[in-house]
1. How large is the accessible surface per residue of region 23-83, computed with a 1.4 Å probe and reported in Å² as a whole number?
2. How about K79: which lysines have a C-alpha closer than 16 Å to its C-alpha, ignoring those fewer than 8 places off in the same chain?
3. On a full-extension model of 0.36 nm per residue, what is the gain between T155 and I59, subtracting their alpha-carbon distance, rounded to one decimal in nm?
4. Could you give the length gained on full extension between L133 and A45, defined as 0.36 nm per residue of separation minus the Cα-Cα distance, in nm?
5. Give me, ordered by chain and number, the residues 5 or more places off R58 or on other chains with an amide H under 5 Å from its own placed amide H.
6. Quickly rank 97-104, 81-88 as a protection proxy: mean count of other C-beta atoms within 10 Å, highest first.
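The values are calculated or read from the model by the stated rules, or taken from the named source; none is laboratory data. Values in this document were obtained by computation on a predicted structure and should not be read as measured data. Reconstructed Cβ throughout: ideal geometry from the backbone, glycine too, with neighbour counts over all protein chains shown. Surface accessibility is based on the protein's heavy atoms, side chains included, excluding ligands, DNA and RNA. Shrake-Rupley method; radii C 1.70, N 1.55, O 1.52, S 1.80 Å.
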Amino acid sequence: TARLDDLDDAYPLYENRALPRELSGRPAKGAEPILLLTVNAHERAALHACFLQDRPARIVERDDVQYECLGYMPPPDGKRGPRRPIIAYECRMGSLRSGAALSATAAAIRHFSPALVIAVGIGFGADREKQRLGDVMVSEQVATYESERHNKDDTHVLRTDIQPAALDWLKRAM
């Protein structure tokens, strides 16, 4: 398998035999990518400013979907070992319609077998008294809000299952 250092002159990267294993959908243990989901150009620009610092992103194309490899996360505690690619992708706003978060994330998971997926952006429903811009929020539960019924008295009724977050993530966040 090719290493990233061997591919420095191969920009832009497209799916081919020279693609590093960790970007091919068959990552080695410990080299599973971290996927960063954005829903608009503002969030994407913030990721570029944070990770790329005026360098171009490496483009990885899968099934006519373009992803951006923003860089690699080194192994924890300075140990030797595989680096995790950080891959960004943008979807449409919402979760249920075509090209929105649910279908885009399912495709990204199928394409890369990631270690985790992080939605980057402004937390919908954040309490401005408790959270500030820049705070990291970890969901205790997840539900699609598009299937809500809005009543005339301004109350809302969910018409979907509420999924609990992974317990180990909640423990890490506490």
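1. Accessible area per residue: 59 Å².
2. Within reach: K29.
3. 30.1 nm
4. Additional length available on full extension: 30.1 nm.
5. Under 5 Å from the amide H of R58 lie the amide H atoms of C69, each far enough along the sequence or on another chain.
6. Result, highest mean Cβ count within 10 Å first: 81-88, 97-104.
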